[in-house]
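The values are calculated or read from the model by the stated rules, or taken from the named source; none is laboratory data. Keep in mind it's a predicted model, so treat the numbers as computed, not measured. Neighbour counts run over all protein chains shown; Cβ positions are idealised from the backbone, glycine included. Quick note on the areas: whole protein, heavy atoms, side chains included, nothing else; ligands and nucleic acids left out. Shrake-Rupley method; radii C 1.70, N 1.55, O 1.52, S 1.80 Å.
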Amino acid sequence: RLLSRRLGCPLRPASDCRLAQSGLACIASGSSTQPQVSPSMSSTISKKRKFVADGVFYAELNELLTRELAEHGYSGVEVRVTPLRTEIIIRATRTQNVLGEKGRRIRELTSVVQKRFKFPEGTVELYAEKVNNRGLCAIAQAESLRYKLLGGLAVRRACYGVLRFIMESGAKGCEVIVSGKLRAQRAKAMKFKDGYMISSGFPVNEYIDGAVRHVMLRQGVLGIKVKIMKTWDPTGRDGPKTPLPDVVVVHTPKEDAEEFRPEVDGKSAGKPGLEQQYGEKPQQPVEPATF
């Protein structure tokens, strides 16, 4: 801007400057064709902005589905982008309620997502997938505990019920923390644990499933935190395929087979006797004297 004031020429936008540069290049090369402007020049974004935009889209979509489908056992969402369309897979414990009567609910959600995020017509599809084991899903158990507390159940009884259900579903360990104004005006936290739980290292990303929820009660807001440690499953159905790095498996030793030894002076050596092992003859047992 300062340079344009000194030279006395008006400031031109960057797009005009690029067009002028490309036009000068055409003139210098002797070409009579006009410079071509890519139609996608304004729509291309950097990789950083793309990942940020994807994260914001996922966060807003997850918040929308959490508020709409919380009472139907909503347990997470997965977004798959294909060249033809975008597939959004909703995981829930009660998929029939998510679909609605004759698929009405899922069509309403599809229309809302399409209009909110400005998808072209027919390029976004919503599917409902049933959770295999809801006892190993932290989101489902946090929502279950939330509705128990809203129903007026005692905190200790509700937490122990959720804890027992998680451990009976095949979890290796679990932890439930409820904090806030539980009984008196003074806020405190109650922690309930069972089984084995890890808190550090890379296996936390694979083995630990966590969820946080808030309960709006009359006396204030309670915070719920649920952590579930899954077991090792070679099939990958109920847990990660990779075992924990510090697990040591001790195999039972095989039965000792008789060692084969070559013949020495025409006699088979066989197993080494006591003379060969210790270099002396074994002592004969002494018979007790009889009187």
Given (1) without any contact (Cβ under 8 Å) to a residue 24 or more places away in the chain; (2) open to solvent by 60 Å² or more (accessible area, probe 1.4 Å); (3) under 26 Å from the mean Cα position of the chain (by Cα), number of the condition Leu153 does not satisfy: (3)
message: I need a count of the residues in the stretch 115-146 that are closer than 15 Å to Leu65 by Cβ and either in contact with a Ser or Thr (Cβ under 8 Å, 6 or more places away or on another chain) or part of a strand (DSSP E or B) (or both).
response: 10
task: Within the stretch 62-73, track down each residue that is more than 18 Å from the chain's Cα centre (by Cα) and in contact (Cβ under 8 Å) with a residue 12 or more places away in the chain.
output: Leu64, Glu68, Leu69, Ala70, Glu71, His72
query: What pairs can you find where one residue is in the stretch 163-176 and basic (Lys, Arg), the other is open to solvent by 10 Å² or more (accessible area, probe 1.4 Å), and their Cβ atoms are less than 6 Å apart, with a gap of 6+ or different chains?
result: Lys172/Gly195; Lys172/Tyr196; Lys172/Thr231
Filter result (out of contact with any Gly (no Cβ under 8 Å at 6 or more places or on another chain), surrounded by 15 or more Cβ atoms within 10 Å (Cβ to Cβ) and without any contact (Cβ under 8 Å) to a residue 24 or more places away in the chain) within the stretch 86-103: Gly100
message: If I filter the stretch 79-114 down to residues being outside any strand (DSSP E or B) and within 23 Å of the chain's Cα centre (by Cα), which single residue comes out as nearest to Gln141 (Cα to Cα)?
response: Thr93
- prompt: Which residues, taken from the stretch 188-201, are in a loop (DSSP other than H, G, I, E, B), open to solvent by 60 Å² or more (accessible area, probe 1.4 Å) and touching a residue at least 12 places away in the same chain (Cβ under 8 Å)?
  reply: Tyr196
task: Filter the stretch 200-241 down to residues that are touching a strand residue (DSSP E or B) at 6+ places or on another chain (Cβ under 8 Å) and of a type outside the set (A, V, I, L, M), then give me how many there are.
output: 10
query: Taking interchain pairs and intrachain pairs at least six residues apart, which have beta carbon atoms under 7 angstrom, with the first residue in the stretch 212-227 and over 16 Å from Leu153 (Cα atoms) and the second open to solvent by 80 Å² or more (accessible area, probe 1.4 Å) and not aliphatic (A, V, I, L, M)?
result: Val212/Lys225
- prompt: When only residues in the stretch 233-252 that are under 28 Å from Gly161 (Cβ atoms) and in contact with a Lys or Arg (Cβ under 8 Å, 6 or more places away or on another chain) count, which is surrounded by the fewest Cβ atoms within 10 Å (Cβ to Cβ)?
  reply: Asp233
- request: Can you run down the residue pairs with Cβ atoms below 8 Å, 6 or more apart or on separate chains, where the first is in the stretch 117-131 and farther than 20 Å from Gly100 by Cβ and the partner is open to solvent by less than 80 Å² (accessible area, probe 1.4 Å) and assigned to a strand (DSSP E or B)?
  value: Phe117/Val124; Phe119/Thr86; Thr123/Thr86
- prompt: Going by the structure shown, is Glu206 acidic (Asp, Glu) and in contact with a Pro (Cβ under 8 Å, 6 or more places away or on another chain)?
  reply: yes
Number of the exception - Gly76 against (1) at negative phi; (2) under 26 Å from the mean Cα position of the chain (by Cα): (1)
- prompt: Scanning for something modelled with pLDDT under 90, in a helix (DSSP H, G or I) and either open to solvent by 100 Å² or more (accessible area, probe 1.4 Å) or under 30 Å from Ala211 (Cα atoms) (or both), does the stretch 54-66 turn up at least one residue?
  reply: no
